[in-house]
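Have a look at the structure that comes next, please.
Derivation of every value follows stated rules applied to the coordinates shown; laboratory data play no part. None of these values were measured; they are calculated from a predicted model. Because the Cβ atoms are built from the backbone with ideal geometry, glycine has one as well, and the counts that use them run over all protein chains shown.
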Amino acid sequence: MENTEKPEMKAAEEPKKNNSFKIIAIILALIVAVLAWQLIMTKTKVNTFTIEKEQAQIKNASLQHNLDSLLTEHEKIKKEYSSLSGKLTEKDSLIAAKADEIQQLIASQADYGRIKKKLEYLRGITQGYVSQIDSLYKINKNLKDENVQIKDKYEKEQSKTSELSKDKENLSAKVNLASTLKAYNIKGIPVKMKSGGKKEDVEDKAKRTERIKVSFTLSENLIAPSGTKTIYVRIARPDDKILCVTADESNAFDYNGEKIQYSIKQDIDYQNKAQDITMYWDKTDEFIEGTYVVSVFADGILIGESQFSLK
């Protein structure tokens with residue numbers, strides 16, 4: 001059978017096939033280029049993520065190291081001054097709570113700057129703790145040395161003859177002064193009660209404050225009379241009004257020959273040793289903003305003062 005296809009038709013179909021092949025080749029080249037670009041971008045993102053993750057791990061390790069070092073140093077101080085650290089249990093609890101909070105933030109890989117700020121705040125608290133420990137140590141040492149020296153002098157002067165009566169009177173005055181109790185580390189702490197009155201949260205807002213916690217240490221004094229003593233606490237508002245239940249003589253005590261109001265009183269058994277005391281003033285009226293003054297009295301004498309503020 002003869003081939004009847006004309007040469008002109010074959011010649012016309014050849015360019016069409018070539019054009020189709022070229023279009024397919026271009027499309028394939030574009031697909032390859034797009035896939036190559038996507039592969040490069042994916043690798044770049046993976047590399048960036050890996051680098052960022054490594055950097056975050058390095059930062060977290062640094063924060064963890066700083067936190068561990070700070071807590072190790074804190075425990076070292078507590079052991080060295082174990083006889084005094086019990087007087088700072090409130091601050092010690094605050095340090096432990098802040099450390100737990102930071103530990104949780106590190107574990108959750110929270111914002112580095114936020115963790116660093118909290119770590120610096122905790123460092124400031126621990127430095128304050130060291131300062132207070134040092135202050136308590138010096139106060140205790142000075143009081144012991146002072147009391148021993150005065151008692152020794154007093155006993156020696158007691159044995160002298162009547163010709164030294166004038167010297168004895170002067171010494172007696174010094175002893176009376178030395179026998180005065182002192183209150184130190186006085187704190188007025190505004191608190192809000194939680195968990196049905198079982199838990200105290202430190203507060204700084206006047207509207208949210210429910211009670212004032214007053215804590216202090218009554219000094220050791222070897223020559224002061226021992227036995228029952230009544231401790232009076234006066235809390236003065238920013239407008240100088242005294243927080244008290246009633247404004248009559250039933251709520252007053254003698255000071256410098258006159259009757260003055262008190263906020264709280266407490267009878268204690270004093271046996272010449274340092275004694276931690278805590279007293280509370282429960283809200284009767286709304287607290288106002290400003291600076292409050294806490295004054296502590298014993299034996300009709302002002303033995304210490306401190307301040308706190310409410311916003």
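Please work out whether the stretch 268-309 counts as rounded, prolate or oblate from its C-alpha gyration tensor, where a ≥ b ≥ c are the square roots of the eigenvalues and a/c under 1.5 means rounded, while otherwise a/b larger than b/c means prolate and anything else oblate?
prolate
Which whole-Hz couplings ³J(HN,Hα) result when phi for each residue of the stretch 280-288 is put into the Karplus expression 6.51 cos²θ - 1.76 cosθ + 1.60, θ = phi - 60°, listed in order with x for Gly and Pro?
Coupling constants for the stretch 280-288: 10, 10, 8, 4, 10, 10, 4, 6, 10 Hz.
So if each residue of separation counts as 0.36 nm, and I subtract the Cα-Cα distance between Asp204 and Lys151, what length gain in nm does that give?
Extra length from Asp204 to Lys151 when fully extended: 14.7 nm.
Would you mind ranking Glu289, Glu200 so that the residue whose beta carbon has the fewest other beta carbons within 10 Å leads the list?
If I rank by nearby Cβ atoms, fewest first, I get Glu289, Glu200.
In addition: Given C-alpha coordinates of the stretch 175-259, what is the ratio Rg to Rh with the Kirkwood estimate of Rh?
1.04
Classify the stretch 237-305 as rounded, prolate or oblate, taking a ≥ b ≥ c as the square roots of the eigenvalues of its Cα gyration tensor: rounded when a/c is under 1.5, otherwise prolate if a/b is larger than b/c and oblate if not.
Cα axes put the stretch 237-305 in the prolate bin.
Give, in nm to one decimal, the length gained when the segment between Ile223 and Ser250 is fully stretched (0.36 nm per residue of separation minus the Cα-Cα distance).
Result: 6.6 nm gained on full extension.
May I ask you to order 25-37, 219-231 by the average number of other C-beta atoms within 10 Å around their residues, highest value first?
Top of the packing list down: 219-231, 25-37.
What spacing in nm lies between the two simple spin-label points modelled at Ala36 and Thr230, each 7 Å away from Cα in the Cβ direction?
Result: 9.8 nm between the two label points.
Taking neighbour Cβ counts within 10 Å as the exposure measure, how do Lys182, Lys198, Lys265, Lys76 sort from fewest upward?
With the sparsest Cβ surroundings first, the list reads Lys198, Lys76, Lys265, Lys182.
Over the stretch 181-310, what relative contact order in percent results from Cα pairs under 8 Å that are six or more residues apart? Walk me through the intermediate numbers first.
Values: 303 pairs, mean separation 42.4, N = 130.
Once divided by the residue count of the stretch 181-310, the mean separation gives 33 percent.
Taking only the alpha carbons of the stretch 193-311, what extent do you get along each of the three principal axes, in Å, biggest first?
Largest first, the stretch 193-311 extends 44, 33, 22 Å along its Cα principal axes.
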